[in-house]
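The structure follows.
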Amino acid sequence: MFTKRLSLLAMLLTFFAAPAFSEPAVTEEVKVNITSPADGSTIEAGEKNRIQYEVAGPDVFHGRLEIDGKETKLLRKRIGTYKLPKLAAGVHELCLMALNKSHQPIGAASCINVTAQ
């Protein structure tokens, strides 16, 4: 008798623990884009130039800007502009990464090269 009740309980737990339907697939993609300046652009060396950017998608809470591989700024707005620090003359890589709520990269990034003159 105890075994039958235990079997019934196990069967009920299995039924209610399993999802009755599958979760819908996430259709929105992560978007990471530096909209300005364009890749290969020339900017003024020693001046504070601006970038325009956009990070969007599921699980995206922030963006992080890196200049020449060094973290420069945590961008809390998902769409906006940021005034770059003064850059020395030469070619510089600007990378924007999408971050989750814990400020961890989620694998989406956009990088451009600019020449400061």
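Which of (1) modelled with pLDDT under 95; (2) within 29 Å of the chain's Cα centre (by Cα); (3) exposed (fewer than 15 other Cβ atoms within 10 Å of the Cβ) does residue 36 not meet, given it meets every other one?
The failed condition is (1).
Taking the criterion of being modelled with pLDDT of 95 or more, touching an Asp or Glu at 6+ places or on another chain (Cβ under 7 Å) and β-branched (Val, Ile, Thr), would at least one residue in segment 87-97 satisfy it?
Scanning segment 87-97, I find no residue that is modelled with pLDDT of 95 or more, touching an Asp or Glu at 6+ places or on another chain (Cβ under 7 Å) and β-branched (Val, Ile, Thr), so the answer is no.
Which residue out of 76, 50, 64 is of a type outside the set (Gly, Ala, Ser), touching a strand residue (DSSP E or B) at 6+ places or on another chain (Cβ under 7 Å), at pLDDT 95 or above and closer than 18 Å to residue 102 by Cα?
Going through 76, 50, 64 in turn, the sole match is 64.
Scanning segment 21-33 for residues that are at pLDDT below 85 and among the acidic types (Asp, Glu), which turns out least open to solvent (accessible area, probe 1.4 Å)?
Per the stated criteria, the residue is 28.
Contact list please: Cβ distance under 7 Å, first residue in segment 24-36 and under 24 Å from residue 93 (Cα atoms), second residue modelled with pLDDT under 95 and part of a loop (DSSP other than H, G, I, E, B), pairs at least six apart or on different chains.
Listed pairs, sorted by first residue: 30/57; 30/60; 31/57.
Among what's in segment 98-117 and is hydroxyl-bearing (Ser, Thr, Tyr) and open to solvent by 30 Å² or more (accessible area, probe 1.4 Å), pick the residue that is farthest from residue 38 (Cα to Cα).
By that ranking, first place goes to 102.
Just one of the numbered conditions (1) modelled with pLDDT of 95 or more; (2) open to solvent by less than 60 Å² (accessible area, probe 1.4 Å); (3) among the hydrophobic types (A, V, I, L, M, F, W, C) is not true of residue 18; which one?
The one condition residue 18 does not meet is (1).
Pairs, please: C-beta under 7 Å, at least 6 apart or cross-chain, first residue under 13 Å from residue 88 (Cβ atoms) and in segment 44-68, second among the β-branched types (Val, Ile, Thr) and open to solvent by less than 80 Å² (accessible area, probe 1.4 Å)?
As it stands, the answer is 49/43, since those pairs meet every condition given.
The values are calculated or read from the model by the stated rules, or taken from the named source; none is laboratory data. This structure is a prediction, so every number in the text was calculated from the model and none was measured. FYI the Cβ positions are ideal-geometry reconstructions off the backbone, even for glycines, and counts take in every protein chain you see. Just so you know, the surface numbers come from the protein's heavy atoms only, side chains and all, with ligands and any DNA or RNA stripped out. Shrake-Rupley method; radii C 1.70, N 1.55, O 1.52, S 1.80 Å.
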